[in-house]
Each structure stands twice: as structure tokens, then as C-alpha cells.
Amino acid sequence: LGWTSDTWYAAGIVTDDALVTRHSGQPIYQDDCVELYWDLDGDGFRFDGNPRDVQIGLAPGGSSGSEQVWAWGALNRVPEGVRVAVKREGGRFLFELAVPIGLLPGVAPEVPVRFSIAYHDRDPDGKDGKLHWSVDTASVPGSILFGHVTLQEPAIP
């Protein structure tokens, strides 16, 4: 993760034995998909359209390499200004995602924000699973609590 005054950045490497990208648009979450979550009001992430609960997903694209991005919840569309790059290498893909801070109301340096990242893995036989970094899913029914991320200026020695 990284940031500038106007952009939140995420990059990573995902290993997947069988890349499945059958859907386009809103249902990309049903296939192999990286998802980023922000709970901007800190009251637990809910799938109820709260504009302060933001979920953005990146589907790596099939053999054509046409990666896709989508924002669910209050936006429920291709999010404006999000930039993405994907490079496939055998059974893995490298991704970079740049999200305008304007899509994340309240995100500011030195202010902790609840954040999570997940990978949805769909196999050709229909089996699926999700690897998700969350802290607690039981304390508030219907909501998910995430760990905190704080944007900080780099320490210069």
C-alpha cells in the first residue's frame, strides 16, 4: 500500500492455479477478483449501500488481458478515475491499483481508517473461497470490522 495527497495505491502478486474470468461488470466478484474494502466511518462494514463503506474490485482479465474494475455499494458502477495495471506470468498475476482519494471521503494523513483486502478464488469446477483480512465478524451482526491503516509521511533520517 502507498499514497499521495490525491491517490491511494495498492499492489500485489496473486498466485492462482486456474484463472476464472467469466463475468463482466457488477458480477466480477463471482470470479477471481481482488477486492479492497474501506469502512470510512469505522462502525463496521455492511453491504447496505452506505457511502462510507467502499468496496472496489479488480478482475485480472482472461487470456485477452482485459482487466476490469468495479465499485459496489453506493457507487455500484465502474469507479471514475481508478487506474489499474495487470501483468500475467504463468499461474500468477501482478496488479497495481490507483484509487482517487476523492472516492474515499475522510481519508487523510495520520487518521486511522478501517481497511481490508481480499481475494476471491473461483475454480473451473465451480468451487470457490475467499481469503480476507478482517478482524471480527461477530461483534456487530451484519457488519465486518477491519484492522486499521494509517497514512503517514515517510520518516526521513
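Ignoring everything but the protein chains, give the 1.4 Å probe accessible area of residue 133 in square angstrom, nearest 10.
110
Using a 1.4 Å probe on the protein chains only, how many percent of the accessible area of the chain belongs to carbon and sulfur?
Within the chain, the accessible surface is 54 percent carbon and sulfur.
Averaging sequence separations of C-alpha pairs under 8 Å and six or more residues apart, then dividing by the length of the range 9-157, give the relative contact order as a whole percent.
Computed over the range 9-157, the figure is 27 percent.
What's the magnitude of the charge dipole for the range 19-157 around its Cα centre, counting Lys and Arg as +1 and Asp and Glu as -1 at the beta-carbon? Answer in Debye, nearest 20.
280
How far is the Cα center of the range 94-128 from the Cα center of the range 1-22, in Å?
8
Take the Cα radius of gyration of the chain and divide it by 2.2 N^0.38 Å, with N its residue count; two decimals is plenty.
Cα-based Rg divided by the globular estimate yields 1.04.
Quick one: net charge of residue 15's neighbours, Cβ under 14 Å, K/R +1, D/E -1?
Counting the neighbours of residue 15, the net charge comes to -3.
Could you tell me the accessible area of residue 153 in Å² (1.4 Å probe, neighbours in place), rounded to the nearest ten?
Accessible area, nearest 10 Å²: 120 Å².
The values are calculated or read from the model by the stated rules, or taken from the named source; none is laboratory data. Please read these numbers as outputs of a predicted model, since none were measured by experiment. Note that each Cβ is placed from the backbone with ideal geometry, even for glycine, and that neighbours are counted across all protein chains shown. For the accessible areas, the whole protein counts, side chains as well, though only heavy atoms, and no ligand, DNA or RNA atoms are used. Shrake-Rupley method; radii C 1.70, N 1.55, O 1.52, S 1.80 Å.
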